[in-house]
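Note sheet for the following structure.
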Amino acid sequence: MTARTHLRGLPRWLKPLNKLFVQLQRRGLGVSGLAVLTIPGRRSGNPVSTPVTPMSVDGATYLVGFPGTNWVANARANPGSARLARGRRDDAVTMVEIPVGERAPILREFPRQVPVGTRMMIRAGHVANGTPEEFVAIADRCAVFRVDPR
């Protein structure tokens, strides 16, 4: 791990950049492909917002979470209390966690649809090359949620 990385191998600049993306989104200036997921914190109950990259598989919307990601723990604690904002659109959603045995088709699509997330997963050491089969192999460590409108 280099001096320019922190927890889980992620770059130090990621947290400030995420805050910038959230602020841009709140002003209706969405960044292509990104959305902002807002969920009550599992301990505080206060809304916590984070940029995410939704992907579409067979007409459904999914989010894939890094192992140990804060938003994943919050979604598990409050699955029916989330909001997903894209540009000026802000929708109430329910987060439905996909069982490990059903994640493979979604995880195979992740490297193709979310290349930036794939690079982050490589950098963090969760996968070596970012191939679809590597993502299937970590299905038990990666969270996958279907995002349903409420």
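Values computed for the structure shown
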quantity: Neighbours by Cβ (under 8 Å, 6+ apart or cross-chain): first from region 113-132, under 13 Å from residue 65 (Cα atoms) and part of a helix (DSSP H, G or I); second hydrophobic (A, V, I, L, M, F, W, C) and modelled with pLDDT under 90; calculated: 120/10; 120/14; 120/66; 121/66
quantity: Filtered residues of region 83-104 (kept if assigned to a helix (DSSP H, G or I) and touching a helix residue (DSSP H, G or I) at 6+ places or on another chain (Cβ under 9 Å)); calculated: 104
quantity: Residue within region 61-82 that is farther than 19 Å from residue 41 by Cβ and more than 12 Å from the chain's Cα centre (by Cα) present; calculated: no
quantity: Candidate set: region 52-72, residues that are under 18 Å from residue 126 (Cα atoms) and of a type outside the set (Val, Ile, Thr); chosen: the one surrounded by the most Cβ atoms within 10 Å (Cβ to Cβ); calculated: 63
quantity: Selection from region 96-132 of residues that are of a type in the set (Asp, Glu) and surrounded by 14 or more Cβ atoms within 10 Å (Cβ to Cβ); calculated: 97, 109
quantity: Filtered residue count, region 40-51, keeping only those that are buried (at least 16 other Cβ atoms within 10 Å of the Cβ) and either more than 12 Å from residue 74 (Cβ to Cβ) or small (Gly, Ala, Ser) (or both); calculated: 2
quantity: Residue count for region 133-150, restricted to those that are surrounded by fewer than 17 Cβ atoms within 10 Å (Cβ to Cβ) and in a helix (DSSP H, G or I); calculated: 3
quantity: Which numbered condition residue 62 fails, given (1) in a loop (DSSP other than H, G, I, E, B); (2) at pLDDT 95 or above; calculated: (1)
quantity: Qualifying positions in region 136-150 - more than 29 Å from residue 92 (Cβ to Cβ) and without any contact (Cβ under 8 Å) to a residue 40 or more places away in the chain; calculated: 136, 137
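The values are calculated or read from the model by the stated rules, or taken from the named source; none is laboratory data. Predicted model only: the values in this text are computed from it and were never measured. A quick note on method: Cβ atoms are made from the backbone with ideal geometry, for glycine too, and the neighbour counts reach across all protein chains shown.
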